[in-house]
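The values are calculated or read from the model by the stated rules, or taken from the named source; none is laboratory data. If you're wondering where the values come from, they're calculated on a predicted model, not measured in any experiment. Cβ: placed from backbone, ideal geometry, glycine included. Neighbour counts: every protein chain shown. Just so you know, the surface numbers come from the protein's heavy atoms only, side chains and all, with ligands and any DNA or RNA stripped out. Shrake-Rupley method; radii C 1.70, N 1.55, O 1.52, S 1.80 Å.
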Amino acid sequence: MSFDVDTPRGQETINHTAPNGTVELAIRSAAFPGHPEIYSQKDIEKEKELAAIDFYNGKTKDGLDVVLIPKTYSTSPGINIHAVKLPAGTSHLGYAESHTGKSHSGDDKIIAKYKQTIPTHFTYCPSILGYYHLSRFFDTEHVEPAIVRTMDVAAHKPLADLGKAKAIGSNNRQQWTEVRALDDSHSNSTLYTKDGKQLYGALQANPTGEQSYPHLSDLQGASAFAASAEFSKVTSPNPLKLECIDASGKLNQSAVQQIVQIKDLSDMILMDFIMSQADRFSGNIHSEKVYVWIENGVLKHEAKKSDPAKAAEQLKEIPPEAVLINRMIMKDNDAGLVSGNSAKSYHLLDKTSHIDPKTYNRLLDLQSNLQKPEVAQWYQTELLFTPADFNTVKNNVDQAVGILSSRKDKNLFLDASLSLALGLEEANE
(Lines give C-alpha, C1' and ligand atoms only; values in the text may rest on other atoms or scores of the structure.)
Protein backbone atom coordinates (compact mmCIF):
# COMPACT_ATOMS: atom_id res chain seq x y z
CA MET A 1 0.00 0.00 0.00
CA SER A 2 1.18 3.56 -0.49
CA PHE A 3 0.88 6.28 2.14
CA ASP A 4 -0.36 9.53 0.68
CA VAL A 5 0.16 12.49 3.00
CA ASP A 6 -2.92 14.14 1.45
CA THR A 7 -5.31 11.30 2.33
CA PRO A 8 -7.54 12.43 5.22
CA ARG A 9 -7.10 10.16 8.22
CA GLY A 10 -7.00 10.32 11.99
CA GLN A 11 -9.02 12.23 14.57
CA GLU A 12 -6.20 14.74 15.04
CA THR A 13 -3.04 15.56 13.09
CA ILE A 14 -0.20 17.69 14.44
CA ASN A 15 2.28 19.08 11.89
CA HIS A 16 6.00 19.31 12.64
CA THR A 17 8.54 21.01 10.37
CA ALA A 18 11.84 19.24 9.68
CA PRO A 19 15.05 21.32 9.31
CA ASN A 20 14.75 21.34 5.49
CA GLY A 21 11.10 22.45 5.58
CA THR A 22 9.38 19.09 5.06
CA VAL A 23 6.11 18.99 7.01
CA GLU A 24 5.95 15.82 9.12
CA LEU A 25 2.62 14.42 10.33
CA ALA A 26 1.80 13.05 13.79
CA ILE A 27 -1.59 11.37 13.38
CA ARG A 28 -3.80 10.13 16.21
CA SER A 29 -5.80 7.37 14.55
CA ALA A 30 -9.59 7.58 14.75
CA ALA A 31 -11.16 5.41 17.47
CA PHE A 32 -12.35 1.90 16.63
CA PRO A 33 -15.66 2.54 14.79
CA GLY A 34 -18.57 2.71 17.22
CA HIS A 35 -16.35 2.12 20.26
CA PRO A 36 -14.81 5.40 21.48
CA GLU A 37 -15.37 4.18 25.07
CA ILE A 38 -12.55 1.61 24.89
CA TYR A 39 -9.86 4.32 25.23
CA SER A 40 -9.17 5.75 28.68
CA GLN A 41 -8.44 9.38 29.43
CA LYS A 42 -4.86 8.29 30.10
CA ASP A 43 -4.67 6.76 26.59
CA ILE A 44 -5.89 10.00 25.00
CA GLU A 45 -3.39 12.07 27.00
CA LYS A 46 -0.52 9.75 26.01
CA GLU A 47 -1.53 9.85 22.34
CA LYS A 48 -1.54 13.66 22.52
CA GLU A 49 1.89 13.68 24.18
CA LEU A 50 3.22 11.45 21.39
CA ALA A 51 1.69 13.68 18.72
CA ALA A 52 3.31 16.75 20.30
CA ILE A 53 6.87 15.36 20.09
CA ASP A 54 9.03 17.52 17.83
CA PHE A 55 11.95 15.39 16.62
CA TYR A 56 14.35 18.33 16.10
CA ASN A 57 13.80 21.18 18.54
CA GLY A 58 11.38 19.51 20.90
CA LYS A 59 11.17 19.72 24.65
CA THR A 60 9.11 17.63 27.04
CA LYS A 61 6.59 19.24 29.37
CA ASP A 62 9.33 19.00 32.05
CA GLY A 63 11.62 21.14 29.89
CA LEU A 64 13.98 18.32 28.83
CA ASP A 65 15.38 18.15 25.29
CA VAL A 66 14.05 15.56 22.83
CA VAL A 67 16.95 13.67 21.23
CA LEU A 68 16.64 10.89 18.62
CA ILE A 69 19.09 8.02 19.07
CA PRO A 70 19.25 4.95 16.78
CA LYS A 71 18.60 1.64 18.52
CA THR A 72 21.79 -0.36 18.02
CA TYR A 73 21.43 -3.18 20.54
CA SER A 74 18.67 -5.37 19.12
CA THR A 75 17.77 -6.68 15.70
CA SER A 76 15.30 -4.14 14.40
CA PRO A 77 16.58 -0.67 13.56
CA GLY A 78 14.22 1.62 15.39
CA ILE A 79 14.87 5.05 16.87
CA ASN A 80 14.61 5.69 20.60
CA ILE A 81 13.22 9.08 21.56
CA HIS A 82 15.17 10.28 24.60
CA ALA A 83 14.34 13.07 27.03
CA VAL A 84 17.63 14.56 28.27
CA LYS A 85 19.19 17.75 29.56
CA LEU A 86 21.52 18.49 26.65
CA PRO A 87 24.89 19.77 27.90
CA ALA A 88 25.64 23.31 26.74
CA GLY A 89 27.20 23.38 23.29
CA THR A 90 26.29 19.75 22.51
CA SER A 91 24.32 19.12 19.32
CA HIS A 92 21.52 16.56 19.15
CA LEU A 93 23.54 14.33 16.82
CA GLY A 94 26.67 14.81 18.92
CA TYR A 95 24.80 13.58 21.99
CA ALA A 96 23.37 10.65 20.00
CA GLU A 97 26.85 9.62 18.81
CA SER A 98 28.02 9.02 22.36
CA HIS A 99 24.80 7.46 23.70
CA THR A 100 23.75 4.74 21.25
CA GLY A 101 24.24 1.86 23.73
CA LYS A 102 21.59 0.19 25.84
CA SER A 103 22.60 1.75 29.15
CA HIS A 104 21.74 5.36 29.85
CA SER A 105 21.90 7.41 33.01
CA GLY A 106 18.95 8.01 35.32
CA ASP A 107 18.45 11.52 33.96
CA ASP A 108 18.16 10.23 30.37
CA LYS A 109 14.76 8.63 29.79
CA ILE A 110 13.47 6.85 26.69
CA ILE A 111 9.98 8.30 26.30
CA ALA A 112 8.99 6.72 22.99
CA LYS A 113 10.14 4.51 20.12
CA TYR A 114 9.80 5.13 16.40
CA LYS A 115 9.73 2.18 14.02
CA GLN A 116 9.00 1.89 10.35
CA THR A 117 8.45 -1.32 8.37
CA ILE A 118 11.53 -3.28 7.27
CA PRO A 119 10.42 -5.25 4.19
CA THR A 120 12.77 -8.21 4.69
CA HIS A 121 12.53 -8.48 8.44
CA PHE A 122 10.05 -9.02 11.30
CA THR A 123 9.34 -5.30 11.68
CA TYR A 124 5.92 -4.18 10.52
CA CYS A 125 4.41 -0.83 11.43
CA PRO A 126 0.70 -1.89 11.07
CA SER A 127 1.34 -4.65 13.62
CA ILE A 128 2.41 -2.08 16.26
CA LEU A 129 -0.72 0.00 15.63
CA GLY A 130 -2.95 -3.08 15.46
CA TYR A 131 -1.83 -4.37 18.87
CA TYR A 132 -2.57 -1.07 20.60
CA HIS A 133 -6.15 -0.86 19.35
CA LEU A 134 -6.78 -4.61 19.82
CA SER A 135 -5.59 -4.40 23.43
CA ARG A 136 -8.08 -1.60 24.08
CA PHE A 137 -10.90 -3.57 22.47
CA PHE A 138 -10.09 -6.42 24.89
CA ASP A 139 -9.73 -3.94 27.79
CA THR A 140 -6.22 -5.07 28.62
CA GLU A 141 -3.49 -2.64 29.60
CA HIS A 142 -0.60 -4.68 28.23
CA VAL A 143 0.17 -2.40 25.24
CA GLU A 144 1.22 1.27 25.26
CA PRO A 145 -0.53 3.85 23.02
CA ALA A 146 0.85 4.30 19.48
CA ILE A 147 0.23 6.82 16.71
CA VAL A 148 1.14 7.15 13.02
CA ARG A 149 4.20 9.37 12.43
CA THR A 150 6.07 10.48 9.33
CA MET A 151 9.72 11.56 9.26
CA ASP A 152 11.76 13.47 6.71
CA VAL A 153 14.12 11.10 4.83
CA ALA A 154 16.91 13.70 4.81
CA ALA A 155 16.74 13.93 8.62
CA HIS A 156 16.64 10.13 8.98
CA LYS A 157 19.79 9.46 6.90
CA PRO A 158 22.39 10.71 9.44
CA LEU A 159 20.65 8.64 12.15
CA ALA A 160 20.72 5.57 9.90
CA ASP A 161 24.44 6.22 9.24
CA LEU A 162 25.00 6.42 12.99
CA GLY A 163 23.01 3.22 13.57
CA LYS A 164 25.11 1.42 10.98
CA ALA A 165 28.38 2.71 12.47
CA LYS A 166 27.50 1.93 16.08
CA ALA A 167 25.51 -1.31 15.58
CA ILE A 168 26.17 -3.99 18.16
CA GLY A 169 26.13 -7.33 16.37
CA SER A 170 25.95 -8.26 12.70
CA ASN A 171 22.16 -8.61 12.61
CA ASN A 172 21.55 -5.05 13.76
CA ARG A 173 24.26 -3.74 11.42
CA GLN A 174 22.72 -5.59 8.48
CA GLN A 175 19.31 -4.08 9.21
CA TRP A 176 20.68 -0.53 9.52
CA THR A 177 22.68 -1.02 6.31
CA GLU A 178 19.51 -2.09 4.52
CA VAL A 179 17.46 0.83 5.88
CA ARG A 180 20.20 3.30 4.92
CA ALA A 181 20.24 1.93 1.35
CA LEU A 182 16.44 2.19 1.21
CA ASP A 183 16.69 5.83 2.33
CA ASP A 184 18.74 6.57 -0.81
CA SER A 185 16.09 5.24 -3.19
CA HIS A 186 13.16 6.12 -0.81
CA SER A 187 10.68 4.47 -3.16
CA ASN A 188 9.50 1.39 -1.25
CA SER A 189 5.80 1.98 -0.57
CA THR A 190 5.78 -0.03 2.67
CA LEU A 191 7.97 2.53 4.43
CA TYR A 192 8.04 5.74 2.36
CA THR A 193 5.25 8.17 1.61
CA LYS A 194 3.89 8.33 -1.94
CA ASP A 195 5.92 11.48 -2.70
CA GLY A 196 9.11 9.75 -1.48
CA LYS A 197 10.02 12.59 0.89
CA GLN A 198 9.28 10.87 4.20
CA LEU A 199 9.29 7.58 6.05
CA TYR A 200 6.10 6.61 7.81
CA GLY A 201 5.83 4.39 10.84
CA ALA A 202 4.52 4.02 14.36
CA LEU A 203 5.52 6.19 17.30
CA GLN A 204 4.78 4.33 20.53
CA ALA A 205 5.05 5.41 24.15
CA ASN A 206 7.78 3.59 26.07
CA PRO A 207 6.50 2.04 29.31
CA THR A 208 8.13 3.39 32.46
CA GLY A 209 9.35 0.93 35.04
CA GLU A 210 9.28 -2.08 32.77
CA GLN A 211 11.36 -5.09 33.73
CA SER A 212 11.96 -8.50 32.27
CA TYR A 213 9.17 -10.89 33.26
CA PRO A 214 10.52 -13.33 35.87
CA HIS A 215 11.51 -16.61 34.17
CA LEU A 216 9.34 -16.06 31.07
CA SER A 217 11.73 -13.46 29.59
CA ASP A 218 14.55 -16.01 29.78
CA LEU A 219 12.74 -18.66 27.72
CA GLN A 220 13.88 -19.03 24.14
CA GLY A 221 11.24 -20.19 21.69
CA ALA A 222 7.58 -21.15 21.78
CA SER A 223 8.34 -24.77 22.67
CA ALA A 224 10.16 -23.64 25.85
CA PHE A 225 7.15 -21.47 26.72
CA ALA A 226 4.74 -24.35 26.02
CA ALA A 227 6.76 -26.54 28.40
CA SER A 228 6.95 -23.92 31.18
CA ALA A 229 5.36 -24.21 34.62
CA GLU A 230 3.63 -20.86 34.00
CA PHE A 231 1.87 -22.12 30.87
CA SER A 232 0.92 -25.38 32.59
CA LYS A 233 -1.25 -23.34 34.99
CA VAL A 234 -3.03 -21.80 31.96
CA THR A 235 -3.70 -25.31 30.63
CA SER A 236 -4.75 -26.86 33.95
CA PRO A 237 -7.91 -28.98 33.37
CA ASN A 238 -9.47 -27.95 36.69
CA PRO A 239 -11.37 -24.74 37.55
CA LEU A 240 -9.26 -22.16 39.38
CA LYS A 241 -9.83 -22.54 43.10
CA LEU A 242 -7.40 -20.01 44.49
CA GLU A 243 -7.74 -18.65 48.02
CA CYS A 244 -7.19 -14.98 47.16
CA ILE A 245 -8.11 -13.89 50.71
CA ASP A 246 -6.15 -15.42 53.58
CA ALA A 247 -7.44 -16.37 57.03
CA SER A 248 -6.92 -12.83 58.37
CA GLY A 249 -9.05 -11.32 55.58
CA LYS A 250 -6.09 -9.90 53.66
CA LEU A 251 -5.24 -10.45 49.99
CA ASN A 252 -2.99 -13.47 49.47
CA GLN A 253 -0.10 -12.24 47.32
CA SER A 254 0.80 -15.57 45.68
CA ALA A 255 -2.83 -16.42 44.78
CA VAL A 256 -3.41 -12.89 43.40
CA GLN A 257 -0.18 -13.15 41.38
CA GLN A 258 -1.17 -16.55 39.98
CA ILE A 259 -4.62 -15.51 38.78
CA VAL A 260 -3.27 -12.28 37.25
CA GLN A 261 -0.51 -14.22 35.50
CA ILE A 262 -2.99 -16.75 34.05
CA LYS A 263 -5.15 -13.89 32.72
CA ASP A 264 -2.12 -12.06 31.31
CA LEU A 265 -0.85 -15.16 29.52
CA SER A 266 -4.20 -16.17 28.06
CA ASP A 267 -4.75 -12.55 26.88
CA MET A 268 -1.29 -12.57 25.29
CA ILE A 269 -1.86 -15.91 23.54
CA LEU A 270 -5.21 -14.76 22.15
CA MET A 271 -3.84 -11.42 20.89
CA ASP A 272 -0.77 -13.08 19.37
CA PHE A 273 -3.01 -15.68 17.68
CA ILE A 274 -5.18 -12.91 16.19
CA MET A 275 -2.22 -10.77 15.08
CA SER A 276 -0.13 -13.68 13.69
CA GLN A 277 2.81 -12.79 15.94
CA ALA A 278 6.08 -14.47 14.88
CA ASP A 279 8.44 -13.24 17.57
CA ARG A 280 7.01 -13.26 21.11
CA PHE A 281 9.19 -15.97 22.57
CA SER A 282 12.66 -14.51 22.22
CA GLY A 283 12.63 -12.36 25.33
CA ASN A 284 9.66 -10.20 24.25
CA ILE A 285 7.62 -10.62 27.44
CA HIS A 286 8.05 -7.82 29.98
CA SER A 287 6.42 -6.82 33.25
CA GLU A 288 5.76 -3.96 35.62
CA LYS A 289 5.15 -3.95 39.36
CA VAL A 290 1.57 -3.18 40.38
CA TYR A 291 -0.01 -2.62 43.79
CA VAL A 292 -3.40 -4.34 44.29
CA TRP A 293 -5.80 -3.74 47.18
CA ILE A 294 -9.48 -3.66 48.13
CA GLU A 295 -11.05 -0.34 49.09
CA ASN A 296 -14.73 -0.04 50.10
CA GLY A 297 -15.58 -3.27 48.31
CA VAL A 298 -13.82 -2.25 45.07
CA LEU A 299 -10.66 -3.86 43.65
CA LYS A 300 -8.02 -1.20 42.98
CA HIS A 301 -4.63 -1.31 41.32
CA GLU A 302 -1.85 1.17 40.65
CA ALA A 303 1.44 0.72 38.84
CA LYS A 304 4.48 1.22 41.07
CA LYS A 305 6.39 4.39 40.19
CA SER A 306 9.78 3.70 38.60
CA ASP A 307 11.53 6.77 40.01
CA PRO A 308 12.78 5.86 43.54
CA ALA A 309 11.81 9.24 45.06
CA LYS A 310 8.33 9.10 43.50
CA ALA A 311 7.97 5.45 44.54
CA ALA A 312 8.72 6.40 48.17
CA GLU A 313 6.07 9.15 48.02
CA GLN A 314 3.59 6.78 46.39
CA LEU A 315 4.06 4.21 49.14
CA LYS A 316 2.76 6.73 51.70
CA GLU A 317 -0.56 6.79 49.79
CA ILE A 318 -0.84 3.05 49.13
CA PRO A 319 -2.74 1.13 51.84
CA PRO A 320 -0.39 -1.07 53.91
CA GLU A 321 -2.42 -4.21 53.10
CA ALA A 322 -1.81 -3.80 49.31
CA VAL A 323 0.06 -6.65 47.62
CA LEU A 324 2.73 -6.08 44.97
CA ILE A 325 2.57 -8.26 41.85
CA ASN A 326 4.02 -8.51 38.34
CA ARG A 327 1.69 -7.51 35.51
CA MET A 328 2.59 -8.24 31.91
CA ILE A 329 3.66 -5.63 29.38
CA MET A 330 3.65 -6.48 25.67
CA LYS A 331 6.04 -3.92 24.23
CA ASP A 332 7.64 -5.63 21.21
CA ASN A 333 4.72 -6.14 18.87
CA ASP A 334 6.25 -5.35 15.49
CA ALA A 335 6.48 -8.92 14.14
CA GLY A 336 2.78 -9.51 13.60
CA LEU A 337 1.16 -10.19 10.19
CA VAL A 338 4.45 -10.79 8.40
CA SER A 339 5.83 -14.27 9.01
CA GLY A 340 4.33 -17.21 10.85
CA ASN A 341 2.13 -17.40 13.93
CA SER A 342 3.78 -18.98 16.97
CA ALA A 343 0.56 -19.21 19.02
CA LYS A 344 -1.11 -21.07 16.14
CA SER A 345 1.86 -23.29 15.19
CA TYR A 346 2.25 -24.50 18.78
CA HIS A 347 -1.53 -24.82 19.40
CA LEU A 348 -1.24 -22.56 22.45
CA LEU A 349 -4.84 -21.33 22.19
CA ASP A 350 -6.19 -24.88 21.83
CA LYS A 351 -4.41 -25.79 25.06
CA THR A 352 -5.58 -22.69 27.00
CA SER A 353 -8.12 -23.72 29.64
CA HIS A 354 -8.61 -20.45 31.54
CA ILE A 355 -9.57 -17.06 30.14
CA ASP A 356 -11.12 -13.87 31.52
CA PRO A 357 -14.89 -13.94 30.81
CA LYS A 358 -14.69 -10.29 29.71
CA THR A 359 -11.96 -11.15 27.18
CA TYR A 360 -14.05 -14.05 25.86
CA ASN A 361 -17.15 -11.88 25.41
CA ARG A 362 -15.13 -9.13 23.75
CA LEU A 363 -13.74 -11.68 21.31
CA LEU A 364 -17.29 -12.54 20.23
CA ASP A 365 -18.04 -8.83 19.95
CA LEU A 366 -14.90 -8.30 17.85
CA GLN A 367 -15.95 -11.09 15.48
CA SER A 368 -19.26 -9.37 14.75
CA ASN A 369 -17.58 -5.94 14.40
CA LEU A 370 -15.12 -7.28 11.81
CA GLN A 371 -18.06 -8.05 9.49
CA LYS A 372 -18.78 -4.32 9.11
CA PRO A 373 -17.41 -2.57 6.00
CA GLU A 374 -16.57 0.57 8.00
CA VAL A 375 -14.37 -1.51 10.32
CA ALA A 376 -12.49 -3.05 7.38
CA GLN A 377 -12.02 0.47 6.01
CA TRP A 378 -10.85 1.77 9.40
CA TYR A 379 -8.14 -0.91 9.66
CA GLN A 380 -6.82 0.09 6.24
CA THR A 381 -7.03 3.88 6.51
CA GLU A 382 -6.22 4.35 10.20
CA LEU A 383 -3.95 1.39 11.06
CA LEU A 384 -2.38 1.12 7.59
CA PHE A 385 -3.37 -2.55 7.12
CA THR A 386 -3.41 -4.01 3.62
CA PRO A 387 -6.63 -5.84 2.63
CA ALA A 388 -4.64 -9.09 3.13
CA ASP A 389 -3.64 -8.02 6.67
CA PHE A 390 -7.27 -7.35 7.53
CA ASN A 391 -8.36 -10.73 6.14
CA THR A 392 -5.65 -12.44 8.21
CA VAL A 393 -6.97 -10.81 11.39
CA LYS A 394 -10.59 -11.55 10.47
CA ASN A 395 -9.83 -15.22 9.72
CA ASN A 396 -7.74 -15.57 12.89
CA VAL A 397 -10.61 -14.13 14.98
CA ASP A 398 -13.04 -16.61 13.37
CA GLN A 399 -10.63 -19.46 14.17
CA ALA A 400 -10.11 -18.24 17.75
CA VAL A 401 -13.88 -18.10 18.32
CA GLY A 402 -14.19 -21.61 16.90
CA ILE A 403 -11.42 -23.00 19.10
CA LEU A 404 -12.69 -21.41 22.32
CA SER A 405 -16.46 -21.58 21.89
CA SER A 406 -16.41 -25.30 21.04
CA ARG A 407 -14.80 -25.94 24.45
CA LYS A 408 -16.68 -23.37 26.53
CA ASP A 409 -18.88 -25.72 28.54
CA LYS A 410 -16.33 -28.53 28.61
CA ASN A 411 -12.66 -27.82 29.30
CA LEU A 412 -12.52 -24.03 28.91
CA PHE A 413 -13.20 -22.08 32.10
CA LEU A 414 -14.11 -18.39 32.07
CA ASP A 415 -12.45 -17.86 35.43
CA ALA A 416 -9.15 -16.01 34.82
CA SER A 417 -10.34 -12.85 36.56
CA LEU A 418 -9.25 -11.50 39.93
CA SER A 419 -12.39 -9.38 40.38
CA LEU A 420 -14.53 -12.45 39.61
CA ALA A 421 -12.56 -14.61 42.07
CA LEU A 422 -13.08 -11.98 44.77
CA GLY A 423 -16.69 -11.18 43.77
CA LEU A 424 -15.80 -7.50 43.49
CA GLU A 425 -16.16 -4.59 41.08
CA GLU A 426 -12.92 -3.46 39.49
CA ALA A 427 -12.04 0.23 39.53
CA ASN A 428 -10.89 1.81 36.29
CA GLU A 429 -7.49 3.46 36.69
Accessible-area order for His99, His142, His215, largest to smallest, probe 1.4 angstrom, reads His215, His99, His142
Rounded to the nearest 10, the angle in degrees between the Cα long axis of helix 41-52 and the longest principal axis of the Cα atoms of the chain comes to 10
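Using just the helices of the chain, give the 222 nm mean residue ellipticity in deg cm²/dmol: DSSP H runs with n ≥ 4 each add -39,500 (n - 2.57), and the total is spread over all residues, rounded to 500. The partial results should precede the final answer.
Values: 15 runs with 159 residues, N = 429.
That comes out to -11000 deg cm²/dmol.
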In degrees rounded to 10, the 0-90 angle between helix 357-369 Cα long axis and the longest Cα principal axis of the chain is 50
The percentage of the accessible area of the chain (probe 1.4 Å, all protein chains present) made up of carbon and sulfur atoms, to the nearest whole number, is 50
Checked segment 1-73 against the a/c 1.5 cut and the a/b vs b/c comparison, axes a ≥ b ≥ c from its Cα gyration tensor; verdict oblate
Semi-axes a, b, c in Å (a largest) for segment 262-337, each sqrt of 5 times a Cα gyration tensor eigenvalue, come to 31, 15, 8
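For Leu86, what is the net charge nearby, where nearby means another residue's Cβ is under 12 Å from its Cβ and Lys, Arg count +1, Asp, Glu -1? Could the numbers behind the result be given before it?
Details: positive: Lys59, Lys85; negative: Asp65, Asp107, Asp108.
Every neighbour counted, the sum reads -1.
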Subtracting the Cα-Cα distance of Glu321 and Ser419 from 0.36 nm times their residue separation yields 33.6 nm
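Can you flag which of Lys59/Lys157; Lys289/Lys331; Lys113/Lys372 are past 26 Å Cα-Cα? Numbers along the way, then the final one.
Values: Lys59/Lys157 22 Å; Lys289/Lys331 15 Å; Lys113/Lys372 32 Å.
Among Lys59/Lys157; Lys289/Lys331; Lys113/Lys372, the Cα-Cα distance tops 26 Å for Lys113/Lys372.
Could you tell me what percent of the DSSP beta bridges with both partners in segment 266-357 are antiparallel, to the nearest 5?
On the way: 14 of 14 bridges.
Approximately 100 percent, going by the DSSP bridge assignments.
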Extension length gain for Ser236 and Glu374 (0.36 nm per residue less Cα distance), in nm, is 45.7 nm
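When Rg is the radius of gyration of the Cα atoms in segment 299-378 and Rh is its Kirkwood radius, what does Rg/Rh come to?
Expressed as Rg/Rh, it is 1.11.
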Among chymotrypsin sites (Phe, Trp or Tyr not before Pro) in segment 65-160, those in a DSSP loop whose Cβ has at most 15 other Cβ atoms within 10 Å are Tyr73
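With N denoting the number of residues in the chain, provide Rg(C-alpha) divided by 2.2 N^0.38 Å, to two decimal places.
Numbers: Rg = 21.8 Å, N = 429, 2.2 N^0.38 = 22.0 Å.
Rounded to two decimals, the normalised Rg is 0.99.
What's the ranking of 204-211, 18-25, 181-188 by average number of surrounding C-beta atoms within 10 Å, highest first? Present the calculation step by step, with values, prior to reporting the outcome.
Numbers: 204-211: 17.8, 18-25: 15.6, 181-188: 14.0.
Ranked from most to least packed, the peptides come out as 204-211, 18-25, 181-188.
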Helix 373-382: inclination vs the chain longest Cα principal axis, degrees, rounded to 10, gives 50
The summed charge of the Gly297 Cβ neighbourhood (under 13 Å; Lys/Arg +1, Asp/Glu -1) stands at -2
Ignoring ligands and nucleic acids, Leu134 exposes an accessible area, probe 1.4 Å, in Å² to the nearest 10, of 10
XL table Lys42/Lys194; Lys197/Lys310; Lys164/Lys197; Lys48/Lys300; Lys42/Lys71; Lys61/Lys358; Cα-Cα > 31 Å flagged, in table order, is Lys42/Lys194; Lys197/Lys310; Lys61/Lys358
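Relative contact order of the chain: what whole-number percent is it, with Cα pairs under 8 angstrom and at least 6 residues apart? Write out the running numbers ahead of the final one.
Numbers: 788 pairs, mean separation 74.6, N = 429.
Computed over the chain, the figure is 17 percent.
Roughly how many Å² is the accessible area per residue of the chain, as a whole number, for a 1.4 Å probe?
Details: 17970 Å² over 429 residues.
Averaged over the residues of the chain, the accessible area is 42 Å².
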For Lys410, counting only aspartates and glutamates whose alpha-carbon sits under 14 Å away and dropping same-chain residues fewer than eight positions off, the answer is Asp350
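Is segment 199-265 rounded, prolate or oblate when judged by the Cα gyration tensor, a ≥ b ≥ c being the square roots of its eigenvalues, rounded requiring a/c under 1.5 and prolate requiring a/b larger than b/c?
Oblate, because a/c is 1.5 or more while a/b does not exceed b/c.
Largest first, how would Asp6, Asp365, Asp415 line up by accessible area (1.4 Å probe)? Please list the in-between numbers first.
Details: Asp6 125, Asp365 60, Asp415 25 Å².
From most accessible down to least: Asp6, Asp365, Asp415.
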Expressed in square angstrom to the nearest 10, the accessible area of Glu49 with a 1.4 Å probe stands at 100
